[in-house]
Every structure is written in structure tokens, then in C-alpha cells.
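Here is the structure we will look at, set down as C-alpha cells.
What follows draws every value from the coordinates through simple rules; no lab data is involved. Please read all numbers here as calculations on a predicted model, not as lab measurements. A quick note on method: Cβ atoms are made from the backbone with ideal geometry, for glycine too, and the neighbour counts reach across all protein chains shown.
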Amino acid sequence: MDKPQFLSSVRPDWARWQAVLDEAERVHQDLVDALEELPEEHYGNPARFRDMPADWLPWQVFAGNTYEHYRDHAADVRAWLDGQITV
């Protein structure tokens, strides 16, 4: 299912869904921009981040809260799109 098909399936409130998707895209781009500006040496140095425990690796924190986190919800989203779960 592509984006327009998905959005048309959740009508009648297209504008609210579009606003949510627009915000998600903006936040995603802001995150990508911030991570790209970060010097590479910061990804492996927890001391570069206030209050980060010394035994954490920043790149693992970023991954666990972004692309690696998606798989935690992927099955539920697929089931919802397939009509097996209702909201």
C-alpha cells in the first residue's frame, strides 16, 4: 500500500493525517541533519553527551531510538494495514 492509498483508507480526516505525516517527515529530516553535523568521533564517545552513562555508546543509543526501534512496531503496523487490528 502506498502513501496515497493508506491516507485514503483512513478518511474522513485527511487533513489531520497529512499534518501528522508532514510533521514526521520534518522531524526525521531534522534528526538526519543533526546526526550528519555531529563529528564522527562523537558517535563512540559518551563523554561528549551530558548525562550519558560512560558505558553507553552514543551510536547504539541513536540506532536503538531510530531505525532499530522500527522493528519493535513493524508487525503491529503490518497487521493494522492488513485489517487484522483496528484502532
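Brief remarks on what is shown
- Over 22 Å [Cα-Cα, the chain], rounded percent: 47
- Just so you know, the Rg over Rh for the range 41-87 is 1.28, from Cα atoms, with Rh as the Kirkwood radius.
- Computed from Cα positions, the angle between helix 67-81 and the longest principal axis of the chain comes to roughly 10 degrees.
- Full-extension gain in nm, Asp2 to Glu41, via 0.36 nm per residue minus C-alpha separation: 10.2 nm
- The angle between the Cα long axis of helix 14-37 and the longest principal axis of the Cα atoms of the chain comes to about 20 degrees, rounded to the nearest 10.
- Look at the alpha carbon pairs under 8 Å that are at least 6 residues apart: their mean separation over the length of the range 34-87 gives a relative contact order of 19 percent.
- Residue-span extension gain [Trp56 to Trp80] - 0.36 nm each, minus C-alpha spacing: 5.2 nm
- Put a dot 7 Å past the Cα of Asp72, heading toward its Cβ, do the same for Asp30, and the two dots end up 2.0 nm apart.
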